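**Student:** Sharing a structure below in structure tokens format, with a few things to ask.
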Amino acid sequence: MANDLLKRFSFEITSNDFITAGKSSSYIKSNLKSLGIDSKVIRKIAIVFYEAEINLVIHSLGGKIYCDLYEDKIIIISKDIGPGIDNVELAMTEGYSTATDKVRELGFGAGMGLPNMKKYSDIFKIISDKNGTLIELTIFI
Amino acid sequence: MNFSIMFDKEKCRGCTNCMKKCPTQAIRIKNGKAIIDHKKCIHCGECIRACSYGAYSPECIEWKNETNAYKCKIAIPSTTIYGQFPRGTDICVVQNAILKLGFDYVYDESWAAELVAKAIKKKIDNNKDIRPFINTNCPATLRLINIRYPSLTENLIALKTPMEIAGILARNNARKKFNLEDKDIGVFYITPCPAKLLAVTDPIGNLGPSVDWVIPLNKIYGELYQKVVKEDNLICSYPSLSGLKWSVCGGQSKSAKLTNFIAVNGMENVIQILEEIENGKLSGVDYVEVLACVQGCVGGTFNVINPFIASSNNKYILNTLDGEPINSDLECFEKLYNKGFFEFEFPDTESVNKINIKEALKKNEEIKQILAILPGLDCGSCGSPTCLSHAEDIYNGQSTIFECVVLRANS
């Protein structure tokens, strides 16, 4: 029973769309708050979800983010259609960034995305090739 | 619980202005009158500002009756006070006007502000793993974080307010100076801030009660104004130039000589920046100064002068005050800091009972179904601030769908 998916929120993320960037994380946050989930858990989710969302906007060709609710955990799945991460190990280093100057001027792309996701999630999984990147983040409630 | 904002039911017309401005949605309109949920109230004073009919006012304490109980009466004027008088008014004249109201001693809050600024700088330098730190001197934003953003508790700098520090130091000084016991000394804080009233009567954590009474500035302004007269041989304790900066937003960061800070004022802006911090976006910033009122404390509801004019007055004072006044309390900073004098213990946020997500989802689904029937205009005519809050109120049995004016008109 504990492994039943209770609810899935899904979001379509468009590449380079800074007009709506951040909207999905706000939506998820207010929904989880209204459910009465512990604020410390929500903060972790807010951080990793926001990083996932901005990563897709800046680096990917577009993709989807799911937020799955279970009785004892929340799983966030980020799935894009490419171009993939050349060197996952390098991308996991704090401060490493491939973001362009234009993106940095907007205040994004400080190169903390993946390390932050790992830091704030209980289980972190990543697979990447030229066809896309799949990230699965589990946070226990 | 003591409540710092008085509500006059007779004056209330049920216009919904206060309800729509309330940042914690603590107000509902029932039978044409506002009802305040005191558990949700953070005492920011937005309702006082929003009401066109004067239904909200500061709690009226007859402080003058209280002064007889003390052998020594100390006044602590807030850092905003000097900017409330016409440009060019001498600071000594203002302090003497305060003494003429019946006080024995004035301790300027700015000295305590300078001390707290030093503590802010030191704490930020000593704790590199917490970023950003958030200020704890604005009681309205502190309560907002407590109620709406409990996960940000760990970012709070958790230092006592200048009011609190000034109260302790002023009492110590008076005890030594006049050889008195604590009970004979009355400390009165003159404030622009409704939330400061509550910070004294119902403090958070180990804050308080170093101040005995809080006097709303606008309650005594008239009397004070008449006593502001230029005279010879005035006694004066100069304020701290660094501390006086606290009256305007960004001032405490400047007073603490910070370079990597963000200063935000006005409730709506504060809420937006707290959301950003919650998303982990400001981890590269040392200090975020959040103040509920526009322009900071000069925008407090108990002020008399327009906040922008008061800010400008304050700048004028800082530019024209001569010399580097000193205060012996500043010399004790290191000793006080190491003793933990400035620290304030924030109470642990109540641990949330483990929720049943299945039931919570079901509840949300039902609220969503109610919301789908409502027109989505957020007009507030039903007595709830938004259609969503109306749907929640209906779910909780506190309202009915028939309160919706739009649905009634269409049926």
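**Student:** Kindly provide the set of residues from the range A:44-64 that are facing another protein chain (nearest Cβ under 7 Å) and either under 15 Å from A:GLU136 (Cβ atoms) or in contact (Cβ under 8 Å) with a residue 60 or more places away in the chain (or both), ordered by number.
**Tutor:** Matches in the range A:44-64: A:ILE47 only.
**Student:** Residues of the range B:387-398 being in contact (Cβ under 8 Å) with a residue 24 or more places away in the chain and surrounded by fewer than 22 Cβ atoms within 10 Å (Cβ to Cβ), which ones? Outline the logic, then answer.
**Tutor:** Filtering the range B:387-398 down to residues in contact (Cβ under 8 Å) with a residue 24 or more places away in the chain leaves B:389, B:391-395, B:398.
Answer for the range B:387-398, where residues must be in contact (Cβ under 8 Å) with a residue 24 or more places away in the chain and surrounded by fewer than 22 Cβ atoms within 10 Å (Cβ to Cβ): B:SER389, B:GLU392, B:ASP393, B:TYR395, B:GLN398.
**Student:** Across the range A:65-85, what is the number of residues that are out of contact with any Ser or Thr (no Cβ under 6 Å at 6 or more places or on another chain) and farther than 13 Å from A:THR138 by Cα?
**Tutor:** Going through the range A:65-85, the residues out of contact with any Ser or Thr (no Cβ under 6 Å at 6 or more places or on another chain) turn out to be A:67-72, A:74, A:76-79, A:81-83.
Filter again for farther than 13 Å from A:THR138 by Cα, leaving A:79, A:81-83.
Total meeting the criteria: 4.
**Student:** Let me ask something else. Quick check: anything in the range A:68-84 in contact (Cβ under 8 Å) with a residue 12 or more places away in the chain, surrounded by 15 or more Cβ atoms within 10 Å (Cβ to Cβ) and touching a Cys at 6+ places or on another chain (Cβ under 6 Å)?
**Tutor:** Yes, the conditions are met somewhere in the range A:68-84.
**Student:** Would you confirm, using the coordinates I've provided, whether B:ALA69 is in a loop (DSSP other than H, G, I, E, B) and in contact (Cβ under 8 Å) with a residue 12 or more places away in the chain? If you could, list the steps in order and put the result at the bottom.
**Tutor:** Values: in a loop (DSSP other than H, G, I, E, B): yes; in contact (Cβ under 8 Å) with a residue 12 or more places away in the chain: yes.
So B:ALA69 passes the test.
**Student:** Sticking with this one: I'd like the residue in the range A:10-43 that is touching a Leu at 6+ places or on another chain (Cβ under 8 Å) and more than 10 Å from chain B (Cβ to nearest Cβ) and, out of all such residues, is nearest to A:ILE141 (Cα to Cα).
**Tutor:** In this case the residue turns out to be A:ILE13.
**Student:** Suppose we keep only residues that are surrounded by 12 or more Cβ atoms within 10 Å (Cβ to Cβ) and among the β-branched types (Val, Ile, Thr) within the range A:1-36. Which one would you say is nearest to B:ILE355 (Cα to Cα)?
**Tutor:** Of everything passing the filter in the range A:1-36, A:ILE28 is nearest to B:ILE355 (Cα to Cα).
**Student:** Then there is this: Of all residues in the range B:6-25 being touching a helix residue (DSSP H, G or I) at 6+ places or on another chain (Cβ under 8 Å) and outside any loop (DSSP other than H, G, I, E, B), which is surrounded by the fewest Cβ atoms within 10 Å (Cβ to Cβ)?
**Tutor:** Here is the first cut: in the range B:6-25, the residues touching a helix residue (DSSP H, G or I) at 6+ places or on another chain (Cβ under 8 Å) are B:17-18, B:20-25.
Those still in the list that are outside any loop (DSSP other than H, G, I, E, B) too: B:17-18, B:20-21.
Values: B:ASN17: 20, B:CYS18: 26, B:LYS20: 16, B:LYS21: 18.
Ranking the candidates gives B:LYS20 first.
**Student:** Inside the range B:356-411, counting only helices (runs of 4 or more DSSP H) that do not spill past its ends, which hold 1 or more residues that are within 14 Å of chain A (Cβ to nearest Cβ)? Before you say what the answer is, go through the steps one by one.
**Tutor:** Details: elements: B:357-373, B:387-395, B:405-410.
Correct list: B:357-373, B:387-395.
**Student:** For residues in the range B:89-129 being under 22 Å from B:LEU282 (Cβ atoms) and either over 24 Å from the mean Cα position of the chain (by Cα) or among the hydroxyl-bearing types (Ser, Thr, Tyr) (or both), which is surrounded by the fewest Cβ atoms within 10 Å (Cβ to Cβ)?
**Tutor:** Looking at residues that are under 22 Å from B:LEU282 (Cβ atoms) and either over 24 Å from the mean Cα position of the chain (by Cα) or among the hydroxyl-bearing types (Ser, Thr, Tyr) (or both), I get B:ASP129.
**Student:** May I ask you to verify whether B:ALA34 is modelled with pLDDT of 90 or more and either of a type in the set (Phe, Trp, Tyr) or closer than 30 Å to B:LYS177 by Cβ (or both)?
**Tutor:** Numbers: modelled with pLDDT of 90 or more: yes; either of a type in the set (Phe, Trp, Tyr) or closer than 30 Å to B:LYS177 by Cβ (or both): no.
No.
**Student:** Here are B:PRO203, B:PRO194, B:PRO216, B:PRO239: which of them is without any contact (Cβ under 8 Å) to a residue 60 or more places away in the chain, out of contact with any Leu (no Cβ under 6 Å at 6 or more places or on another chain) and not aliphatic (A, V, I, L, M)? Quick ask: steps written out before the conclusion?
**Tutor:** Numbers: B:PRO194 fails: without any contact (Cβ under 8 Å) to a residue 60 or more places away in the chain; B:PRO216 fails: without any contact (Cβ under 8 Å) to a residue 60 or more places away in the chain; B:PRO239 fails: without any contact (Cβ under 8 Å) to a residue 60 or more places away in the chain.
Step by step, each of B:PRO203, B:PRO194, B:PRO216, B:PRO239 is checked, and only B:PRO203 is without any contact (Cβ under 8 Å) to a residue 60 or more places away in the chain, out of contact with any Leu (no Cβ under 6 Å at 6 or more places or on another chain) and not aliphatic (A, V, I, L, M).
**Student:** Kindly provide the set of residues from the range B:87-138 that are closer than 12 Å to B:SER253 by Cα and part of a helix (DSSP H, G or I), ordered by number.
**Tutor:** If the condition is that a residue be closer than 12 Å to B:SER253 by Cα and part of a helix (DSSP H, G or I), then B:ALA113, B:GLU114, B:VAL116, B:ALA117, B:LYS118, B:ALA119, B:ILE120, B:LYS121, B:ILE124 are the ones that fit.
**Student:** Out of curiosity, is B:ASN410 surrounded by fewer than 17 Cβ atoms within 10 Å (Cβ to Cβ), without any contact (Cβ under 8 Å) to a residue 40 or more places away in the chain, polar (S, T, N, Q) and more than 27 Å from B:ASN146 (Cβ to Cβ)?
**Tutor:** Numbers: surrounded by fewer than 17 Cβ atoms within 10 Å (Cβ to Cβ): yes; without any contact (Cβ under 8 Å) to a residue 40 or more places away in the chain: yes; polar (S, T, N, Q): yes; more than 27 Å from B:ASN146 (Cβ to Cβ): yes.
Judged against the criteria, B:ASN410 is a match.
**Student:** Somewhere in the range A:125-136, is a residue among the acidic types (Asp, Glu), surrounded by 15 or more Cβ atoms within 10 Å (Cβ to Cβ) and within 12 Å of chain B (Cβ to nearest Cβ)? First the steps, then the outcome.
**Tutor:** Start the filter on the range A:125-136 by keeping residues that are among the acidic types (Asp, Glu), which leaves A:129, A:136.
If we keep only those that are surrounded by 15 or more Cβ atoms within 10 Å (Cβ to Cβ) too, we end up with A:136.
Narrowing the set further to residues that are within 12 Å of chain B (Cβ to nearest Cβ) leaves none.
Taking every residue of the range A:125-136 in turn, none turns out to be among the acidic types (Asp, Glu), surrounded by 15 or more Cβ atoms within 10 Å (Cβ to Cβ) and within 12 Å of chain B (Cβ to nearest Cβ).
The values are calculated or read from the model by the stated rules, or taken from the named source; none is laboratory data. Here the structure is a predicted model, which is why all the values come from computation and not from measurement. When we count neighbours, we look across all protein chains shown, and the Cβ atoms used for this are built from the backbone with ideal geometry, even at glycine.
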